[in-house]
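The values are calculated or read from the model by the stated rules, or taken from the named source; none is laboratory data. Being a predicted model, the structure only gives us computed values, none of them experimental. Methodologically, a virtual Cβ is constructed for each residue, glycine included, from the backbone with ideal geometry; neighbour enumeration extends over all protein chains shown.
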Amino acid sequence: MRRFIVSALGLCAASAWAQSSTVDSYVSTESPIAQAGVLANIGANGSKSSGALPGVVIASPSTTNPDYLYTWVRDSSLVFKELIDQYTAGGSSSLRTLIDEFVTAEANIQQVTNPSGTVSTGGLGEPKFMINETAFTGAWGRPQRDGPALRSTAIITYANWLIANGNTTYVTNTLWPIIKLDLDYVANNWNATTFDLWEEIDSSSFFTTAVQHRALRQGSALATAIGQTSVVSGYNTQAQNVLCFLQSYWNPSPGFMTANTGGGRSGIDANTVLTSIHTFDVNAGCDATTFQPCSDKALSNLKTYVDSFRTIYTVNSGIAANQAVATGRYPEDVYQGGNPWYLTTFAVAEQLYDALIVWKNQGSLTVTSTSLGFFQQFDTSLTIGTYASSTSTYSTLTTAIKSFADGFVAMGAKYTPSGGGLAEQYSRSDGTPVSAVDLTWSYASALTVFAARAGVTPASWGANGLTVSSSCLTNNGPTVSVEFNVDVTTVLGENIYLTGSVGALSNWDTSTAILMSSANYPVWSTTVNLPANTAIQYKYIQINNGAVTWESDPNNAFTTGASGAQTLNDTWR
Ligand SMILES: *[C@@H]1O[C@H](CO)[C@@H](O)[C@H](O)[C@H]1NC(C)=O
Ligand SMILES: *[C@@H]1O[C@H](CO)[C@@H](O)[C@H](O)[C@H]1NC(C)=O
Ligand SMILES: *[C@@H]1O[C@H](CO)[C@@H](O)[C@H](O)[C@H]1NC(C)=O
Ligand SMILES: *[C@@H]1O[C@H](CO)[C@@H](O)[C@H](O)[C@H]1NC(C)=O
Ligand SMILES: *[C@@H]1O[C@H](CO)[C@@H](O)[C@H](O)[C@H]1NC(C)=O
């Protein structure tokens, strides 16, 4: 047995090495192609974007089936966020010219009256414009409320760099008015329905909510830095409300973020993986409140998402259940044949590279009951706990995860045609490129995944230490104050938490269970407002260094009264 394990590991290491060298070589050939691919699609000088005004990003030069010769606020902002990250990390001054042109182009576009409204009546939610900065007036899925959030995030990233480099005047006089229009729109409209980033479903969308939250946090910090204090408390209040709402997309069983509240699909969608990479903050650790790439929720979600494509694409047939596969937008997709996309496959790798960066920084990796299924792909005998970087478990897992991540880049590489052009999709049956050629976002996604693989991290945006109360989403109906007391003897390092069947009791989610007070040890206590006249089930759990121990079955149960306060005195079972 032991000899078998040793030789299996040896084999694994050899194939991981081969994978890694394939990917190394793809990164070195594709990087300049992807960079040139992005620049070719930006006016006025881009070689494939003739007719686009300066700083305007075309989605793709394709004009028929599909016609993508338009500029989308979302795509443009994600693309320029990457160029701004490059510039602020020491990139060339020609990027600076382009960034300034982008800012001017977007400031113009903000003012264009369009089918969603004027600048002050909802027009900022318009998703796409003509490349000469006029309105697109055809039928479309509008509004799309992620655009203003992503645009402000891109421009704020630039603004923060300018402030750090002694150019606050330009930020205050030129950038702030543009940023503020978008942030006011986000603060006032985040709680209205929106078309999702795929422009198909009108409901609430996880990606949109998450990037709105990020924009408000960054906006509040920037406003504070430049003395625009009148907006700070409003942005903070709304950011906290948005963060609370963001928690409601988590679907504890089987552990994924439901991408859209409408649409009648499984809810499994690359929307959520893109959220994880576009709201990554290297200083936020593995925080699950903001769904950081290494958080247990985002890893569980990633597995659910990836696995949903294993059996539906012919190109994935014969690939082992713990190996990388081609992934698309969502399993039910039929658009242009419903194929894998380069940018979604790369996003999986990017989330994993981001996670590896954070584990390395913190010198450990934690496996919770929520992320156990993800990690057991790489070690079936793994148990929950925290593994320091000095342990062999940590090395085994991180080596395997690096190789798994490389596998997704290798998948994109395998189906990149000679010449390196990246279309929107690659065929589910044979991997040949499908749909729009030279998709700007595909190229940008290659640049961001390559950067993450090289350990490059974007600037922090203030996600560190954000919390929400587990009861923030309970509605405003009548509540009863319930005091829970449980008599339980613990050892040092163990804590007792409460979880149960309603939102205020974390909906059985152990990662947001309520920590009880040991002030009257051995009685542990907490008081929670619960909906009145409601049948509640609950359990106490013990958590020691990430390891969760549940009380034995059955669940504790009671029904809340109509009003007032109740006390429950329990003994651990
Ligand atoms: C585009 O070309 C014009 C004319 O050569 C030049 O002035 C301008 O700086 C170029 N724009 C960028 C972003 O390089
Ligand atoms: C903008 O481009 C559209 C589509 O090519 C064209 O119909 C329109 O006349 C242009 N408008 C201006 C002001 O150039
Ligand atoms: C500040 O940045 C803007 C935008 O690039 C630039 O036009 C301006 O010259 C800069 N001002 C100073 C003082 O560096
Ligand atoms: C608005 O916010 C409430 C409370 O967070 C939430 O229940 C509701 O679904 C939200 N609606 C939309 C469209 O965002
Ligand atoms: C619960 O225990 C507390 C003391 O820990 C006591 O004051 C209270 O009367 C008890 N309540 C019930 C309903 O047993």
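In table form, for the structure just shown:
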item: Residues satisfying the stated conditions in the stretch 168-204, i.e. in contact with a Gly (Cβ under 9 Å, 6 or more places away or on another chain) and of a type in the set (S, T, N, Q); result: 172, 189, 193, 194, 203, 204
item: Residue pairs meeting the criteria (Cβ under 7 Å; at least 6 apart or on separate chains; first under 18 Å from residue 53 (Cβ atoms) and part of a helix (DSSP H, G or I), in the stretch 87-109; second among the β-branched types (Val, Ile, Thr) and more than 10 Å from ligand 3 (Cβ to nearest atom)); result: 98/42; 99/84; 103/155; 103/178; 105/56; 106/178; 107/178
item: Filter result for the condition that a residue is at pLDDT 95 or above and away from ligand 3 (no atom under 14 Å from the Cβ), over 64, 88, 97, 104; result: 64
item: Some residue of the stretch 111-119 being at pLDDT 95 or above and within 29 Å of residue 420 (Cα to Cα); result: no
item: Residue list for the stretch 548-573, restricted to those being at pLDDT below 90 and either surrounded by 12 or more Cβ atoms within 10 Å (Cβ to Cβ) or not assigned by TED's automatic domain parsing to the domain that holds residue 482 (or both); result: 555, 560, 561
item: Selection from the stretch 263-302 of residues that are buried (at least 23 other Cβ atoms within 10 Å of the Cβ), in contact with a strand residue (DSSP E or B) (Cβ under 8 Å, 6 or more places away or on another chain), part of a loop (DSSP other than H, G, I, E, B) and of a type in the set (A, V, I, L, M, F, W, C); result: 268, 291, 294
item: Residue 22, sole failed condition from (1) more than 27 Å from the chain's Cα centre (by Cα); (2) assigned to a loop (DSSP other than H, G, I, E, B); (3) in contact (Cβ under 8 Å) with a residue 60 or more places away in the chain; result: (2)
item: One residue from 38, 27, 79 being closer than 16 Å to residue 444 by Cα, in the same structural domain as residue 104 (by TED's automatic domain parsing) and at pLDDT 95 or above; result: 79
item: Residues that are assigned to a loop (DSSP other than H, G, I, E, B), farther than 27 Å from residue 154 by Cβ and under 21 Å from the mean Cα position of the chain (by Cα), drawn from the stretch 406-463; result: none
item: Residue within the stretch 127-134 that is out of contact with any strand residue (DSSP E or B) (no Cβ under 7 Å at 6 or more places or on another chain) and more than 16 Å from ligand 2 (Cβ to nearest atom) present; result: no
item: Those residues of the stretch 367-389 which are under 20 Å from the mean Cα position of the chain (by Cα) and part of a loop (DSSP other than H, G, I, E, B), in sequence order; result: 368, 370, 371
item: Matching residues in the stretch 104-129 - criterion: being hydrophobic (A, V, I, L, M, F, W, C) and surrounded by fewer than 23 Cβ atoms within 10 Å (Cβ to Cβ); result: 107, 112, 119, 129
item: Matching residues in the stretch 166-203 - criterion: being within 20 Å of residue 145 (Cα to Cα), out of contact with any Pro (no Cβ under 7 Å at 6 or more places or on another chain) and assigned to a loop (DSSP other than H, G, I, E, B); result: 190, 191, 192, 193, 196, 197, 198, 200, 201
item: Matching option when the condition is free of Cβ contacts under 8 Å to residues at least 60 places away in the same chain and assigned to a helix (DSSP H, G or I), among 234, 318; result: 234
item: Any hit, the stretch 7-19, residues being more than 16 Å from ligand 4 (Cβ to nearest atom), modelled with pLDDT of 95 or more, of a type outside the set (Gly, Ala, Ser) and touching a helix residue (DSSP H, G or I) at 6+ places or on another chain (Cβ under 8 Å); result: no
item: Flag if residue 382 is touching a residue at least 60 places away in the same chain (Cβ under 8 Å) and out of contact with any Cys (no Cβ under 6 Å at 6 or more places or on another chain); result: no
item: Qualifying residue in the stretch 515-525 (condition: free of Cβ contacts under 8 Å to residues at least 40 places away in the same chain, among the aliphatic types (A, V, I, L, M), buried (at least 17 other Cβ atoms within 10 Å of the Cβ) and closer than 24 Å to residue 287 by Cβ); result: yes
item: Neighbours by Cβ (under 7 Å, 6+ apart or cross-chain): first from the stretch 237-250, touching a residue at least 60 places away in the same chain (Cβ under 8 Å); second assigned to a helix (DSSP H, G or I); result: 243/213; 245/209; 250/297
item: Criterion: within 16 Å of ligand 3 (Cβ to nearest atom) and under 19 Å from residue 82 (Cα atoms) - qualifying residue of 149, 154; result: 154
